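Written out below as structure tokens is the structure these notes cover.
The values are calculated or read from the model by the stated rules, or taken from the named source; none is laboratory data. The shown structure was predicted, so the numbers you read here are calculated from the model rather than taken from an experiment. Neighbour counts run over all protein chains shown; Cβ positions are idealised from the backbone, glycine included. Note: areas computed on protein heavy atoms with side chains; ligands, DNA, RNA excluded. Shrake-Rupley method; radii C 1.70, N 1.55, O 1.52, S 1.80 Å.
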Amino acid sequence: MSRIAYVNGRYVRHADAAVHIEDRGYQFADGVYEVCEVKDGSLIDMTRHLDRLDRSLNELEIAQPMGRRALVAVMREVIRQNRVKNGMIYLQVTRGVAPRDHVFPAATVPPSLVITSRAADPRKAARTAEDGVAVITLPDNRWERVDIKSVSLLPNVIAKEKARRAGAKEAWLVDADGYVTEGASTNAWIVTAEGSLVTRPAEHGILRGITRAAVLDLAAREGLTVEERPFTVEEAYRAREAFITAATTLVMPVVRIDDHAIGNGQPGSIATALRTRFHEVVERVG
Ligand code: PLP
């Protein structure tokens, strides 16, 4: 069965799916995106993801490509046509196609919308979570508006590649004061010796992760103490546990940061429990 993509109003073979060379996403990274988990055929936390998409579009003054009901119908159709039971769905909206010029094109230029979906094996992710992952730390050299989920991801791409070359799964980005902001494509968490969850406040310097929000809900339900405050790399080295969160990785235990084993070097019990219970607090649509 061939994969199908939705591109500007049409369902096309993934292998043939293309946008115009003057799409502003291609030329200027002038666009935003969302990634939503698909579990047992349902969209996980879709409302929060689409709310964040609306916010990203509003912040950049990019028009909505279509109303929410229509968008959800297209998302469902892409999942159906690709027969994805477990995996992810990717949405990208750019400022559309216009002759190359930095300033925004006329408001009559419609935004471009691309939606793809891909299956993933949950057992493979479960095996990775049993071992935990390593992260490295790097200076955070991104722009200030990382609260917008923009496709302008070059610093993130370079950080991720450096992590891969160092044998790690993720790079934790560190601000000028030595505090961890977030991962290249995940939010960063530690657990203190006293068992408190610590993660940076989402007001500034990080993306307000949807998985992060769900973990905060879960932590509240479980009666865990949460401290939304910045933490340094040194504090992370000494943490009892560490983990990362994102729609594609869910809660993933971190067992090494740079050359430091975290805790006893095994996935921590709190991170593991949060991973196991994660889907108890999320919204399922479809
Ligand atoms: N931080 C960054 C920079 C990301 O790119 C992502 C996801 O792509 C996240 C955090 C996690 O966000 P979410 O939980 O909504 O997937």
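Descriptive notes on the structure:
- Where ARG127 falls short, out of the listed (1) touching a strand residue (DSSP E or B) at 6+ places or on another chain (Cβ under 7 Å); (2) of a type in the set (D, E, K, R); (3) closer than 30 Å to HIS260 by Cβ; (4) open to solvent by 30 Å² or more (accessible area, probe 1.4 Å): (1)
- Among (1) away from the ligand (no atom under 16 Å from the Cβ); (2) out of contact with any Lys or Arg (no Cβ under 6 Å at 6 or more places or on another chain); (3) in a loop (DSSP other than H, G, I, E, B); (4) not basic (Lys, Arg) - the single one VAL282 does not satisfy: (1)
- Qualifying residue in segment 141-154 (condition: crowded, with 16+ Cβ neighbours inside 10 Å, away from the ligand (no atom under 13 Å from the Cβ) and at pLDDT 95 or above): no
- Test: residue in segment 44-58 that is at pLDDT 95 or above and away from the ligand (no atom under 16 Å from the Cβ): yes
- Screening GLN27, GLN64 for residues that are more than 16 Å from the ligand (Cβ to nearest atom) and under 30 Å from ASP217 (Cβ atoms) leaves exactly one candidate, GLN64.
- In this structure, ILE148 qualifies as among the aliphatic types (A, V, I, L, M) and either assigned to a loop (DSSP other than H, G, I, E, B) or under 23 Å from GLY25 (Cα atoms) (or both).
- LYS169 farther than 28 Å from ILE44 by Cα and of a type in the set (D, E, K, R): no
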